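Shown next, in structure tokens, is the structure this report addresses.
All of the numbers you see were taken from the coordinates with simple rules; none came from a lab. Keep in mind the model is a prediction, meaning the values are calculated, not measured. All Cβ positions, glycine included, derive from the backbone under ideal geometry; neighbour counts span all protein chains shown.
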Amino acid sequence: MQAPRNAALWRSRFRLLRSLRVLPAPLLRTARSIKRVLLGPFVDPEPAARIIRTTARHQWRLISVNLATSLFEAFSEGATFGVIFLAVQMLSAPAAAGQSTGINWETNPIVGHFPGVVDWMETVDPIHLFLALLALAVLLQASQSLSRYLSQLSVGYFAARCRAIITARVHSQILSLSYACASQWRVGDLVDQAAQGPMAVQVQIEAASQLLITGLLIAVYVAVLVGISPWMLLVAVLLGVLITFVQRKLLPRIRTGSALVAAIQVEVFSRVTEDIQGLRILHSTGQLEAADQRVIGRMGALEQSLRRQQRLINVIGPFSSFLPIAAMALIAGMGLLVFGARSTGILPSLVTFVLALQRLNVRFAGIAENFNRLSDNAGRYQRLNDILSNDGKQFRRRGGVPFQALEQEIRLEDVSLRYQPDLPAAVEGVSFSLTRGKTVALVGASGAGKSSIADLLVGLYAPTAGQILVDGTDLETLNLASWQQRLGVVSQDTFLFNTSLANNIAFGTPHASQEQVVDAAVKAQAAGFIEALPDGYDTLVGERGFRLSGGQRQRISLARAILRDPELLILDEATSALDTQSERLVQEAIERFERQHTVLVIAHRLSTVVNADEILLMHNGRIVERGRHEELVAKGGRYRELWFQQSMPNSMTSAPGVGG
């Protein structure tokens with residue numbers, strides 16, 4: 001008779017819950033939110049979620065351990081409540097005449113379904129039974145702690161794997177962008193993406209794991225509460241409704257604040273990065289205080305935003321902690337009415353109910369905290385998806401015909417370049433040839449388009465019109481990496497890595513010997529100052545080479561290019577930062593190097609290109625004059641005017657043929 005009576009009791013409880021289905025609606029919305037978070041990595045089309053899914057397939061053992069330990073933790077929690085109920089029942093039920101414990105175990109709602117357990121419990125000494133229950137409770141909690149440790153460990157391992165993959169993926173994504181696309185971002189912005197993106201994924205994974213175990217435990221607590229009294233479950237429903245209401249009001253504001261904080265952090269980080277990179281110019285122009293004040297000003301806005309976030313994030317915790325205290329008086333009063341007529345007594349049901357409700361409240365607070373974390377993380381996570389997404393981005397050209405060597409010439413045919421559609425053309429209708437073994441010079445005023453030609457030849461930008469032919473093959477069809485690896489570029493903006501001088505010279509030529517590095521330094525007129533340093537070629541150059549002078553950096557860059565033995569050497573103002581003596585020495589090294597190589601020289605000082613096989617004078621993105629030095633001077637055009645301006649500035653007005 002016991003089983004039908006219990007079945008009827010549970011049916012009546014479920015009918016009561018169905019009649020109250022309107023009340024838990026906010027709880028159902030919270031459950032749906034948990035479902036979205038847990039299922040998000042499996043259905044979300046965003047790049048970060050796809051990476052998590054792929055990693056999860058490869059790390060299925062960790063996922064399995066996490067699921068198994070989470071289920072066991074929930075099971076052990078429910079079993080512990082059952083043991084507590086039995087232990088309190090033993091303490092609260094005095095032994096009747098002829099009975100060992102005063103409890104009819106056959107009618108007990110927990111063990112009454114198991115006749116074998118009932119027979120055993122009726123034969124065991126009450127003290128031993130009570131101690132056994134205590135030992136079982138401790139064992140269950142110890143097992144729960146172990147399972148929680150394994151669960152957190154598996155999540156930590158999985159998050160670490162995802163973080164490593166995301167870091168590498170962000171780095172690969174940035175490097176795979178075309179130079180034109182990547183240059184649209186500030187350096188600090190990209191650095192922030194690489195630093196914050198992996199952390200955003202780790203927060204998502206850890207919060208999702210916490211929501212999973214919290215959801216399972218809430219299900220256990222609700223089952224316990226329903227088993228004890230569905231009417232008193234209304235207290236828990238009210239608790240959840242209030243917490244959910246506060247949470248739903250706060251989360252949109254937290255997400256908005258997170259996006260604002262992320263934007264200000266990127267701005268501040270970018271500014272700090274640029275200030276560090278530009279320390280030389282800040283010192284030399286007396287702008288250190290101004291730069292400092294700009295950052296301090298933005299930090300004030302960041303501080304206010306962070307404080308606002310903290311006010312919002314920390315509201316739910318104290319609120320959730322207060323509600324159980326306020327509910328205790330109501331529970332105690334209701335307990336006398338609800339549990340007074342039970343055969344099992346008031347105390348076991350009341351103690352178990354209060355304990356389950358208190359733990360349920362803690363779990364609701366945990367849900368709120370994790371949703372706060374997710375909302376606060378939303379800005380960083382979205383920025384990660386933005387950088388990983390391929391939408392609206394241009395990528396480096398891959399594949400193509402491998403470039404081996406230059407046999408005849410490089411020819412530009414009616415080439416034009418616009419950096420942006422709404423900007424004027426930087427290069428327009430340019431045509432000329434770079435014959436193998438010859439030197440061509442591009443000269444003209446700043447902004448004439450000379451460096452843009454170099455960018456096109458290097459492959460940093462693709463022509464917006466026309467084509468560049470390498471031995472008759474369109475540069476667009478060549479394998480870009482194989483082409484760039486056969487180039488040597490010495491620009492006016494020399495970049496050195498924070499490593500030794502020898503490593504900087506050998507950059508791009510990983511198999512170069514020390515003898516080859518020294519030989520290249522000698523040819524670039526850099527060996528003298530290198531050998532004078534205490535550590536010689538092992539000297540660290542500092543960030544961006546700040547420990548070297550501008551002329552020394554350019555000579556290191558020239559040595560790097562010479563060591564590569566390139567098919568095409570591009571010298572973009574390669575001697576602009578050198579003093580007269582160093583310029584003469586480097587120019588001699590370049591002239592010796594030019595005899596066996598194809599060279600494109602970009603220069604303002606015409607004295608450095610007088611021996612070029614062909615000189616192209618550019619103006620407003622077009623070639624306006626071309627020829628050898630003697631021919632251009634004899635023409636009496638713009639080149640002749642520039643030549644006399646530079647070579648005889650004090651007598652230009654008296655120079656014959658100048659001024660027309």
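Spin-label model, GLU588 to TYR419: label points 7 Å out along the Cα-to-beta-carbon direction sit 3.8 nm apart.
Packing here is the average count of other Cβ atoms within 10 Å per residue, and on that basis the peptides 388-394, 640-646, 373-379, highest first, run 373-379, 640-646, 388-394.
Extending 7 Å from the Cα toward the beta-carbon at both GLN277 and VAL124 defines two label points whose distance is 7.1 nm.
The coefficient of translational diffusion for the range 369-428, derived via Stokes-Einstein from the alpha carbon Kirkwood radius under 25 °C and 0.890 mPa s, stands at 144 µm²/s. Backbone phi angles across the range 610-618, fed through the Karplus curve with coefficients 6.51, -1.76 and 1.60 (θ = phi - 60°), yield HN-Hα couplings of 5, 9, 5, 5, 8, 10, 10, 8, 10 Hz in residue order; Gly and Pro are listed as x.
Segment LEU175..SER431, full-extension length gain: 89.1 nm, with 0.36 nm per residue of separation and the alpha-carbon distance subtracted.
Shape class for the range 429-584: prolate, because the ratio a/c of the largest to smallest gyration tensor axis (alpha-carbon atoms, square roots of eigenvalues) is 1.5 or more and a/b beats b/c. Rounded to the nearest whole Hz, the Karplus-based 3J(HN,Hα) values (6.51 cos²θ - 1.76 cosθ + 1.60, θ = phi - 60°) of the range 441-447 follow the sequence 10, 10, 10, x, 5, 4, x, with x at glycine and proline. Between LEU306 and SER607, the modelled labels are 5.5 nm apart [label points 7 Å from Cα along Cα→Cβ]. At a Förster radius of 30 Å, what calculated FRET efficiency corresponds to the Cβ-Cβ distance of GLN485 and ALA445, to the nearest 0.05? So the FRET efficiency works out to roughly 0.35. Subtracting the Cα-Cα distance of LEU67 and GLN514 from 0.36 nm times their residue separation leaves 155.3 nm of extension gain.
Sequentially through the range 286-303, phi angles give Karplus couplings (6.51, -1.76, 1.60; θ = phi - 60°) of x, 9, 5, 5, 5, 5, 5, 5, 4, 5, 4, x, 6, 5, x, 5, 5, 4 Hz, Gly and Pro residues having no value and appearing as x.
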